[in-house]
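The values are calculated or read from the model by the stated rules, or taken from the named source; none is laboratory data. Bear in mind the structure is a predicted one, so any value in this text is a computation, not a measurement. Note that we place each Cβ from the backbone using ideal geometry, even for glycine, and neighbour counts take in every protein chain shown.
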Amino acid sequence: MPLNEIKLLPIEVPRQDSRFNLIDLLSKSLENNSVKLNNNDIICISSKFIALSEGRYVKLSEVDVSSSADKMSKKYNIDSRLCELIQQESDKIFHGFDGFVLTFKDGILAPNAGIDTSNIMPGYAILYPDDSLSSAKIIKNEIKKLFNIDVGVIITDSRLMPTRIGTTGVAIAAAGIKPIEDERGKVDLFGNSIRVTQKAIADDLSSAAQLLMGECDESIPIVIIRDSALKISQDDDSEQTFSVGFDECIFVQGLANLEL
């Protein structure tokens, strides 16, 4: 199917100020936006929207700050309470500079462990979902029970790219679709064998959805992708790793071994 036939359907949702039932709100929001889900749709949902629904937000005034977080705060000029959350949430902390710490979280290089103080109530910080893959599977299964259709689910976030200005979309987790398409073994236009290329399908779709989701007051935490021609899996246990460890990442290792 030609790529220009893919449709992106934004789902506007009222602002939420506390934990809520995601499936109930999704169902109501689809109705309010006059959108009916179809078989093989792919639902892109903001990770922060899912985190809010799961109660994964913290009142900063209630955070107890450790001595190590206080030290980090002074070193990098970051709120000490935020530093405490960064230390709790990060899988690994690399280094930082004024206002930011580079971390490894849920398979992604992310500033401040993906913790955000925007698009959340003032005085609060919002985290990543506790288990994004499990959340994606639950949403897919609940939609199957509610609408009797098979859909793909991608949990998305925005990210910075090395040396690039601005944010783009990235997939935190996916259910019902293969997030990677392996091109290795194929040939290019000139007959050269493809040796390393793998297409980041889930990331590409996340970036497309991010165009509509935005970063400010758009109130579009959900985007339906239709007519993608991607095969939707009905196997809830199907998983595919779509990140590499930081010890295999060309950016991390290249910069770690930088010779000036």
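Answer yes or no: is there a residue in the stretch 91-101 that is surrounded by 22 or more Cβ atoms within 10 Å (Cβ to Cβ) and either among the aliphatic types (A, V, I, L, M) or within 19 Å of the chain's Cα centre (by Cα) (or both).
Residues of the stretch 91-101 surrounded by 22 or more Cβ atoms within 10 Å (Cβ to Cβ): 101.
Subset that is either among the aliphatic types (A, V, I, L, M) or within 19 Å of the chain's Cα centre (by Cα) (or both): 101.
Yes, the stretch 91-101 contains a residue that is surrounded by 22 or more Cβ atoms within 10 Å (Cβ to Cβ) and either among the aliphatic types (A, V, I, L, M) or within 19 Å of the chain's Cα centre (by Cα) (or both).
Take the residues in the stretch 123-143 that are outside any loop (DSSP other than H, G, I, E, B) and of a type in the set (A, V, I, L, M), then tell me which one is surrounded by the most Cβ atoms within 10 Å (Cβ to Cβ). Lay out the reasoning, then the answer.
Within the stretch 123-143, the subset outside any loop (DSSP other than H, G, I, E, B) is 124-126, 132-143.
Pick out the ones that are also of a type in the set (A, V, I, L, M) and you get 125-126, 133, 136, 138-139, 143.
On the way: ALA125: 23, ILE126: 20, LEU133: 15, ALA136: 25, ILE138: 17, ILE139: 22, ILE143: 21.
Among those that are outside any loop (DSSP other than H, G, I, E, B) and of a type in the set (A, V, I, L, M), it is ALA136.
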Q. Tally time: how many residues in the stretch 168-199 are at pLDDT below 85 and in a strand (DSSP E or B)?
A. 7
Q.
Can you list residue pairs whose Cβ atoms sit under 7 Å apart, with the first residue in the stretch 149-165 being among the β-branched types (Val, Ile, Thr) and the second being surrounded by fewer than 16 Cβ atoms within 10 Å (Cβ to Cβ)? Count only pairs 6 or more apart in sequence or on different chains.
A. ILE149/ASN38; ILE149/ASN39
Q: Of the numbered conditions (1) over 22 Å from ASP130 (Cα atoms); (2) touching a Lys or Arg at 6+ places or on another chain (Cβ under 9 Å); (3) at pLDDT 95 or above, GLY96 fails exactly one; give the number of that condition.
A: (3)
Q. Taking ILE120, is it assigned to a loop (DSSP other than H, G, I, E, B), surrounded by 14 or more Cβ atoms within 10 Å (Cβ to Cβ) and modelled with pLDDT under 95?
A. yes
Q | Wholly enclosed strands (runs of 3 or more DSSP E) of the stretch 1-106 bearing at least 3 residues out of contact with any Phe, Trp or Tyr (no Cβ under 9 Å at 6 or more places or on another chain) and closer than 23 Å to ALA174 by Cα | A | 7-11, 42-46
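Suppose we keep only residues that are of a type in the set (Gly, Ala, Ser), under 23 Å from the mean Cα position of the chain (by Cα) and surrounded by fewer than 19 Cβ atoms within 10 Å (Cβ to Cβ) within the stretch 1-46. Which one would you say is farthest from GLY152 (Cα to Cα)?
Taking the stretch 1-46 and keeping what is of a type in the set (Gly, Ala, Ser), we get 18, 27, 29, 34, 46.
Within this subset, residues satisfying the condition of being under 23 Å from the mean Cα position of the chain (by Cα) are 18, 27, 29, 46.
Pick out the ones that are also surrounded by fewer than 19 Cβ atoms within 10 Å (Cβ to Cβ) and you get 18, 27, 29.
Details: SER18: 26, SER27: 16, SER29: 18 Å.
The selected residue is SER18.
Matching residues to (1) polar (S, T, N, Q); (2) not assigned by TED's automatic domain parsing to the domain that holds ARG226:
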residue: ASP116; (1), (2): no, yes
residue: ASN141; (1), (2): yes, no
residue: SER158; (1), (2): yes, no
residue: ALA175; (1), (2): no, no
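Residues of the stretch 153-166 being touching a helix residue (DSSP H, G or I) at 6+ places or on another chain (Cβ under 8 Å) and modelled with pLDDT of 85 or more, which ones?
Within the stretch 153-166, the subset touching a helix residue (DSSP H, G or I) at 6+ places or on another chain (Cβ under 8 Å) is 153-158, 162.
Answer for the stretch 153-166, where residues must be touching a helix residue (DSSP H, G or I) at 6+ places or on another chain (Cβ under 8 Å) and modelled with pLDDT of 85 or more: VAL153, ILE154, ILE155, THR156, ASP157, SER158.
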